[in-house]
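**Student:** Once you've had a glance at the structure underneath, I'll fire off some questions.
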Amino acid sequence: MGFFYLLRKLLPISHAAAVSSLAMIMYVIIAGGGVSAVRALIMFLLCLGGNLTGRIYDIKNAVAVSAIILIVNNPYYLFNTGFLLSFTSVFAIGFVLPCIIEFINTKKPVIKAFITSAAVNTINAPIIANTYFEISPYSVLLNIIVVPFMSIVVTFGILGLAAGQLSYGAGAVVIYPAVFIINFYELLCRLVIKLPFARIVTGHFEVWQLILYYGFMAVTVYGMYKITLRDKRKKIKTYIKAAACGASGIILSLTLYIAVPRRNTITFLDVGQGDSSVFISGGGMVCIFDAGSASRDNCGRYNILPYLKYSGISHIDYIILSHSDEDHINGVMEILDDKSVSVGNIIVPPGDKGFDELMRNYGENINIIYGHEGVIIEDREAKIYLLNPPSPASDISGSLTDDVNERSIAAVIDTNGRKIVMTGDIGSETEEALAVKYGNIDKENNREKYGNIINADILKVPHHGSKFSSSDYFLSIVSPKLAVISCGENNMYGHPHSEALERLALYAGNVEITYKTGAITVYLDNSETLNYDIFKY
């Protein structure tokens, strides 16, 4: 628009409109044709059309027309984050902001800038939270600094691009103010992210929460609008109504944080050739079993953490690492380094030297527990019994010391009448030992013994479905309703092996493989059937 008004002083309005339109179209192409840029282009062209025809430009109509054009071209834009954020931002500036400015009746630029940023962030908050599952309360203040300088970044970016056609050095000099501002932005973000509560995990929201949020927002803005229309000389009544609007606004912000009771679930994440499962107790305990992948980089950042944040989890009570193979632990560092999610305890098997680096780097900040047979983790709705490796006192011979797979932590989760057997990478030798020791019932007292694995509901299949695991005897004891194999498609190890699948077909009610299903979430409720959802349909 600045370019258009500059050209109007030099050229006829039709020529100025043509040149500036061409420049805008070229800019959108250079910017990659993103949905927000196309939205801006359509609104810009409508504004120029108003100037050329002598008609008044109305932002409400411009927003509606651009939205219709984009949606007709691609209806899936309704689910596009860029589309939603772009249009809600313009909606906040064109519809909500004028009501607030008139209500407050201020002309101070600083206050206006703060209100503008707050209005945009308030309307965008649910979309940002439902996309990234976390928000930053400092973004309101950051935008006050960032937004005013964006026009400078764009201007010097374009001038630098033009100067660079003549000389690289000239382009570098001209574009430097834009580079300086962008580096300054990055510095601000790095500083802010270190502040307390810089990232608040929200989880995803249910539809009813979003309806409540935007409902309260509509009531608040409408109340401001009606108060503004009335005589402000009635100051007492005005202040009372303003206070009511403020209270409504507070309720608005809290609707997104209404605690939804957690269900007993276990989710077997799809991390490729690796292992990671998240158990959430109805009592609030969160426990992760393994966190690694041999086939995917940064599985902690891109697989495990997004699921935790989606579920609204900002604290992990226990991370149980069955053994130190990379495909079970290499995502743990990323979880520990992410400051928006805290970790209470890490459980590792004793005698496994592969955890030395973890203990060296994080031992001072995280409580590290040696997990072995006899250790129990519990809250009011769940117990986790560790069955393997043998306790240091009982494993006098040390016969399994050198094999980290056989010394994997194995456990039984007992919750709501459901049993889940977690196995790490144990092989047939350890399977047999566990089946003999925990595959029986204390007939004398007519009750199940500690850590009983008979007729389990779920088995996390040992060692990704290796042919050296899932032995007949072990499977005949466990006899799970659901067996889950965690492995990557076309992996170099050939997991799951056909021999293991044949044995599982004989003893398991159903077998699922994560590379085929994606993440598998099992609901550990009281229903007669075992209900679960898969990510890929």
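**Student:** Output yes when any residue across region 124-133 is on the phi < 0 side of the Ramachandran plot, loosely packed, with under 15 Cβ neighbours inside 10 Å and touching a residue at least 40 places away in the same chain (Cβ under 8 Å), and no when none is. First the steps, then the outcome.
**Tutor:** Step one: of region 124-133, the residues on the phi < 0 side of the Ramachandran plot are 124-132.
Subsequent filtering for residues that are loosely packed, with under 15 Cβ neighbours inside 10 Å retains 131.
Narrowing further to those that are touching a residue at least 40 places away in the same chain (Cβ under 8 Å): 131.
Yes, some residue in region 124-133 is on the phi < 0 side of the Ramachandran plot, loosely packed, with under 15 Cβ neighbours inside 10 Å and touching a residue at least 40 places away in the same chain (Cβ under 8 Å).
**Student:** Right, next: Restricting attention to region 324-364, report how many residues are in contact with a helix residue (DSSP H, G or I) (Cβ under 7 Å, 6 or more places away or on another chain), buried (at least 22 other Cβ atoms within 10 Å of the Cβ) and of a type outside the set (Val, Ile, Thr).
**Tutor:** Summing the residues that are in contact with a helix residue (DSSP H, G or I) (Cβ under 7 Å, 6 or more places away or on another chain), buried (at least 22 other Cβ atoms within 10 Å of the Cβ) and of a type outside the set (Val, Ile, Thr) in region 324-364 gives 1.
**Student:** Now, a different point. Of all residues being hydroxyl-bearing (Ser, Thr, Tyr) and in a helix (DSSP H, G or I) in region 166-213, which is most open to solvent (accessible area, probe 1.4 Å)? Just the residue, please.
**Tutor:** Tyr168
**Student:** Just one of the numbered conditions (1) among the charged types (D, E, K, R); (2) at pLDDT below 95; (3) buried (at least 17 other Cβ atoms within 10 Å of the Cβ) is not true of Lys460; which one?
**Tutor:** (2)
**Student:** I'd like the full set of residues that are open to solvent by 40 Å² or more (accessible area, probe 1.4 Å) and touching a residue at least 24 places away in the same chain (Cβ under 8 Å), limited to region 137-153.
**Tutor:** Pro137, Tyr138, Leu141, Asn143, Ile144, Ile145, Val147, Pro148, Phe149, Ser151, Ile152
**Student:** Being among the hydroxyl-bearing types (Ser, Thr, Tyr) and either under 30 Å from Ser340 (Cα atoms) or modelled with pLDDT under 85 (or both) narrows it down to one of Thr155, Thr228, so name that one.
**Tutor:** Result: Thr228 is the single residue among Thr155, Thr228 that is among the hydroxyl-bearing types (Ser, Thr, Tyr) and either under 30 Å from Ser340 (Cα atoms) or modelled with pLDDT under 85 (or both).
**Student:** What residue, of Gly354, Gly284, is more than 17 Å from the chain's Cα centre (by Cα) and assigned to a helix (DSSP H, G or I)?
**Tutor:** Only one candidate qualifies: Gly354.
**Student:** In addition: For region 514-532, name all the residues that are part of a loop (DSSP other than H, G, I, E, B) and either open to solvent by less than 50 Å² (accessible area, probe 1.4 Å) or hydrophobic (A, V, I, L, M, F, W, C) (or both).
**Tutor:** Residues satisfying the conditions are Gly518, Ala519, Leu524, Asp525, Ser527, Leu530.
**Student:** Does at least one position in region 301-308 carry a residue that is part of a loop (DSSP other than H, G, I, E, B) and within 25 Å of the chain's Cα centre (by Cα)?
**Tutor:** No, every residue in region 301-308 fails to be part of a loop (DSSP other than H, G, I, E, B) and within 25 Å of the chain's Cα centre (by Cα).
**Student:** A further question on this structure: So for region 69-80 (the condition being within 29 Å of Ile200 (Cα to Cα), out of contact with any strand residue (DSSP E or B) (no Cβ under 7 Å at 6 or more places or on another chain), open to solvent by 30 Å² or more (accessible area, probe 1.4 Å) and outside any helix (DSSP H, G or I)), does at least one residue qualify?
**Tutor:** yes
**Student:** While we're on this one: Is there any pair linking a residue in region 16-28 that is among the hydroxyl-bearing types (Ser, Thr, Tyr) to one that is part of a helix (DSSP H, G or I) and open to solvent by 10 Å² or more (accessible area, probe 1.4 Å), with Cβ under 8 Å and at least six apart or on different chains, and which?
**Tutor:** Close Cβ pairs satisfying both conditions: Ser20/Phe3; Ser20/Leu7; Ser21/Phe44; Ser21/Leu45; Tyr27/Ala37; Tyr27/Ile158.
**Student:** Oh, and also: Pick from region 12-45 the residues that are surrounded by 15 or more Cβ atoms within 10 Å (Cβ to Cβ) and among the hydroxyl-bearing types (Ser, Thr, Tyr): which of them is nearest to Thr155 (Cα to Cα)?
**Tutor:** In this case the residue turns out to be Tyr27.
**Student:** If you don't mind, another one. Quick one: which residue in Phe44, Phe83, Phe3 is part of a helix (DSSP H, G or I) and modelled with pLDDT under 90?
**Tutor:** Phe3
The values are calculated or read from the model by the stated rules, or taken from the named source; none is laboratory data. Worth saying up front: this structure is predicted, and the values here are computed from it rather than measured. Here Cβ is always computed from backbone atoms with ideal geometry, including for glycine, and neighbour counts include all displayed protein chains. Ligands, DNA and RNA are stripped out before the accessible areas are found, and what is left, the full protein with its side chains, is counted by its heavy atoms. Shrake-Rupley method; radii C 1.70, N 1.55, O 1.52, S 1.80 Å.
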